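Asks: Could you have a look at this structure, given as structure tokens, before my questions?
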Amino acid sequence: ETDEFVIDVIQRSGFATKETVSVSQDREPPAIVLDTPPPTVTAVEWLPLRGRAAGATSLAINGQPVQLMGEEFDQTVTLASGRNTIELIATDLVGNRRVDSFDVQLDQDPPQLLSHDVSPAEAHGGEPVRIEVRASDPSGLRKAAAFRLRVGDQDYADFLELGGESNSYRKTILLPRDATGRVTLREVEIEDYAGNKARFTFDK
């Protein structure tokens, strides 16, 4: 916003002149633009933050001053386990401030197995077998989990699917007629949204 002021200058001799002075007001805060959107969940404790603070003369991340190279910045933040709030404050020459913040969850722990169940426990050939595995993870579980089932002396590999409940995987498979004997879940691999994997083996 620019305002113009007219100044009358009158000398002792009575000679008068007019001067026009323009005064600009800057109320627009700097803009903070990151090169890469930050993840909501990660398994890596170092979070690189690169980008531009357009129009800023200073930048702070979580209260710590960050060196600006022109308008560019490149800073790495160390995350703690759990939820981390990252706050960026950019300030321009006349004191306008832009505050941007976001949350990043650091999860370095693999999913935890709660329970597993296979029914029936004995197959006579040609019947459906139902597998259910329950797990938990603060980051959320991936939609599919690889598993291996043994029926008698034969192994079958497939994927469990996460059901309506956020921590329950289920699958029903139809066994071939020659698949007979004891039914056991041999192995299941579960992954969370941070990329942590856990492989559970049973009944060795």
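Asks: Mind putting a number on the dipole of the chain about its Cα centre? Charges go on the C-beta only, +1 for Lys and Arg and -1 for Asp and Glu, and I need it in Debye to the nearest 20.
Replies: Approximately 580 debye in magnitude.
Asks: Any chance you could look up the accessible area of Arg50 with a 1.4 Å probe, heavy atoms only, rounded to 10 Å²?
Replies: The accessible area comes out at roughly 120 Å².
Asks: Ignoring any ligand, DNA or RNA, what whole percent of the accessible area of the chain comes from carbon and sulfur when the probe is 1.4 angstrom?
Replies: 48
Asks: Add +1 for every Lys or Arg and -1 for every Asp or Glu among the other residues with Cβ under 14 Å from the Cβ of Pro111, and state the total.
Replies: -1
Asks: Only Cα pairs under 8 Å and at least 6 apart count here; give the relative contact order of the range 109-204 as a rounded whole percent.
Replies: 35
Asks: Something else: Please work out the average accessible area per residue across the chain, using the 1.4 Å probe convention, and give it in Å².
Replies: Roughly 61 Å² per residue, with all protein chains present.
Asks: With every protein chain present, what accessible area does Arg27 have (1.4 Å probe, heavy atoms only), rounded to the nearest 10 Å²?
Replies: My reading of the accessible area for Arg27 is about 150 Å².
Asks: Please compute the contact order of the chain in relative form: average sequence separation of alpha-carbon pairs under 8 Å and at least six residues apart, divided by the residue count, as a percent.
Replies: Relative contact order comes out at 17 percent.
Asks: What's the FRET efficiency of Arg27 with Thr57 using the Cβ-Cβ distance as r and R₀ = 22 Å, to the nearest 0.05?
Replies: Calculated value: 0.90.
Asks: Now a separate question. Specify which residue in the list Ala54, Gly126, Phe102 is farthest towards the positive end of the charge dipole of the chain, using unit charges on the beta carbon of Lys, Arg (+1) and Asp, Glu (-1), about the Cα centre.
Replies: Gly126
Asks: Another one. Rank His116, Asn196, Phe159 by how far each Cα sits towards the positive end of the charge dipole of the chain (+1 on Lys, Arg Cβ; -1 on Asp, Glu Cβ) and give me just the farthest.
Replies: His116
Asks: Looking at the range 126-204, which GluC sites (Glu not before Pro) are DSSP coil and have at most 10 other C-beta atoms within 10 Å of their C-beta?
Replies: Glu165
Asks: Moving on to the next point. Dipole size in debye (nearest 20) for the range 136-204 around its Cα centre, Lys and Arg Cβ +1, Asp and Glu Cβ -1?
Replies: In debye, rounded to 20, the range 136-204 gives about 120.
Asks: In addition: So how much accessible area does Thr17 have, in Å² to the nearest 10, using a 1.4 Å probe?
Replies: Surface open to solvent at Thr17 totals about 50 Å².
Asks: What do you reckon, how do Thr85, Thr40 stack up by accessible area (1.4 Å probe), largest on top?
Replies: The residues order as Thr40, Thr85, largest area first.
Asks: Using a 1.4 angstrom probe on the protein heavy atoms only, line up Glu127, Glu122 by accessible area, largest first.
Replies: These residues rank, largest area first, as Glu122, Glu127.
Asks: Give, in nm to one decimal, the length gained when the segment between Glu161 and Val94 is fully stretched (0.36 nm per residue of separation minus the Cα-Cα distance).
Replies: My answer for the length gained is 18.5 nm.
The values are calculated or read from the model by the stated rules, or taken from the named source; none is laboratory data. Everything numeric here is computed off the predicted structure, so don't read it as measured data. Here Cβ is always computed from backbone atoms with ideal geometry, including for glycine, and neighbour counts include all displayed protein chains. Only protein heavy atoms, including side chains, enter the accessible area calculation; ligands, DNA and RNA are left aside. Shrake-Rupley method; radii C 1.70, N 1.55, O 1.52, S 1.80 Å.
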